[in-house]
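Below you'll find the structure, written out as structure tokens, and then a few comments.
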Amino acid sequence: MLIVVCGFAGSGKTTLCQKLVKEFDCFFVGKTNLVYLSKDTIANDFTDFILAQNNINGREDSFYVNNIKPIEYQATFKIAKSLLAIGSDVIVDIPFVKEIQDYELWQELCSKTELDKIENLKTLFIWCKHDIKKEKQRIIERNYDRDIEKIKKWDRYAKSIEEIKFDSNYNLCEYDSYAQDQNKELEKLYSIIGELE
């Protein structure tokens with residue numbers, strides 16, 4: 001099983017992934033091998049180095065979007081494929097904003113990473129809903145260098161993420177990390193994940 005947790009910066013992807021990994025064996029008896037992969041952990045060091053070498057600040061730059069991001073995504077999903085091939089269930093923490101709107105991009109990524117060679121792979125995409133004001137606060141609080149340009153140009157960034165149209169070909173559910181009743185949100189996810197098993 002592959003779970004892809006996606007959404008905008010500050011939407012709660014990492015927090016959700018960590019909760020699901022910690023609690024997975026409590027809800028799915030006998031399934032204790034959910035492996036967590038973070039695109040940021042896998043790629044940030046080499047991405048930061050490449051961006052610095054090219055005098056680029058931030059990940060909104062076209063050089064990053066067109067050249068580096070595809071490599072980050074391929075590396076992350078190649079690792080996921082390796083883990084799935086040996087029987088692990090995998091949860092991936094990755095923005096996936098452009099891709100969630102175009103299923104063909106996912107199919108291309110599956111082909112490049114050989115995920116399409118995993119027989120009977122069950123995949124669930126979880127979109128973390130966003131609240132632009134709360135995301136800005138989270139981004140400021142976490143204080144990552146990579147977010148400096150985003151914060152400087154916040155109005156332009158905020159306008160660029162106003163509307164997402166999900167491609168209906170995805171097996172997708174939404175998660176609200178800002179909901180008052182987080183237990184209810186998590187129970188909903190566990191129920192959906194349980195249906196994949």
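The values are calculated or read from the model by the stated rules, or taken from the named source; none is laboratory data. Given the structure is predicted, the values throughout are model-derived calculations rather than measurements. Glycine also receives a Cβ, built like all others from the backbone with ideal geometry; neighbour counts cover every protein chain displayed. These area figures cover heavy atoms from the full protein model, side chains too; ligands, DNA and RNA do not enter into them. Shrake-Rupley method; radii C 1.70, N 1.55, O 1.52, S 1.80 Å.
Take segment 112-129 and flag every residue that is closer than 29 Å to Glu185 by Cα and in a loop (DSSP other than H, G, I, E, B).
Scanning segment 112-129 gives Asn120, Leu121, Lys122, Lys129.
I need a count of the residues in segment 84-101 that are loosely packed, with under 14 Cβ neighbours inside 10 Å and within 19 Å of Gly7 (Cα to Cα).
1
From Phe49, Phe96, which residue is at positive phi and among the aromatic types (Phe, Trp, Tyr)? Write out each step before concluding.
Working: Phe49 fails: at positive phi.
From the options Phe49, Phe96, the qualifying one is Phe96.
In segment 83-108, which residues are touching a residue at least 40 places away in the same chain (Cβ under 8 Å) and either in contact with a Pro (Cβ under 7 Å, 6 or more places away or on another chain) or β-branched (Val, Ile, Thr) (or both)?
Across segment 83-108, the qualifying residues are Val90, Ile91, Val92, Ile94, Val97, Ile100.
Among (1) open to solvent by less than 10 Å² (accessible area, probe 1.4 Å); (2) under 16 Å from the mean Cα position of the chain (by Cα), where does Phe24 come up short?
Answer for Phe24: the failing condition is (2).
Give the residues of segment 61-83 that are over 14 Å from the mean Cα position of the chain (by Cα) and either open to solvent by less than 30 Å² (accessible area, probe 1.4 Å) or of a type in the set (Lys, Arg) (or both), sorted by residue number.
Of everything in segment 61-83, those that are over 14 Å from the mean Cα position of the chain (by Cα) and either open to solvent by less than 30 Å² (accessible area, probe 1.4 Å) or of a type in the set (Lys, Arg) (or both) turn out to be Tyr64, Ile68, Lys78, Lys81.
Could you tell me which residue of segment 120-153 is modelled with the highest pLDDT, considering only residues that are among the charged types (D, E, K, R) and over 24 Å from Asp45 (Cα atoms)?
For segment 120-153, the residue satisfying everything is Lys122.
Of all residues in segment 167-180 being in a loop (DSSP other than H, G, I, E, B) and under 19 Å from Gly10 (Cα atoms), which is most open to solvent (accessible area, probe 1.4 Å)? Steps first, answer last, please.
Filtering segment 167-180 for residues in a loop (DSSP other than H, G, I, E, B) gives 167-171, 176-180.
Next cut, under 19 Å from Gly10 (Cα atoms) only: 176-180.
Numbers: Asp176: 40, Ser177: 22, Tyr178: 46, Ala179: 25, Gln180: 185 Å².
Out of the qualifying residues, it is Gln180.
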